[in-house]
Amino acid sequence: MKKQLSKKIKLLRSKMGLSQADMAKIAGVAKNRIWSWETGDGAPSSSRMKALIKLGKKHDIEFTMDDVLEIGRGDNKKKL
């Protein structure tokens with residue numbers, strides 16, 4: 001399940017034509033956090049997830065309720 005969220009975040013960045021550094025600037029986080037989101041090593045905070053959902057809508061990427069719930073599950077304790 002965690003892989004699904006990671007793939008969507010990477011796809012969103014790719015569709016936007018951004019590097020991890022550029023995406024980090026937009027998200028207001030360090031570049032290594034984007035990397036951790038895309039590899040499934042970490043997950044965005046709920047406020048960052050809300051921003052990703054808005055960006056996703058603009059680029060035809062749908063984040064599902066499972067994606068959002070995934071953040072709070074014990075299998076992904078690193079919230080960034």
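The values are calculated or read from the model by the stated rules, or taken from the named source; none is laboratory data. Keep in mind that what you see is a predicted model, and the values were worked out from it rather than measured. Every residue, glycine as well, gets a Cβ built from its backbone with ideal geometry; the counts of neighbours run over all protein chains shown.
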Going by the conditions given, is Lys50 without any contact (Cβ under 8 Å) to a residue 24 or more places away in the chain and either surrounded by 19 or more Cβ atoms within 10 Å (Cβ to Cβ) or under 18 Å from Ser14 (Cα atoms) (or both)? no
With the structure loaded, tell me whether Lys3 is modelled with pLDDT of 90 or more and part of a helix (DSSP H, G or I) or whether it fails that test. no
Is it true that some residue in segment 35-44 is exposed (fewer than 15 other Cβ atoms within 10 Å of the Cβ) and of a type in the set (Val, Ile, Thr)? yes
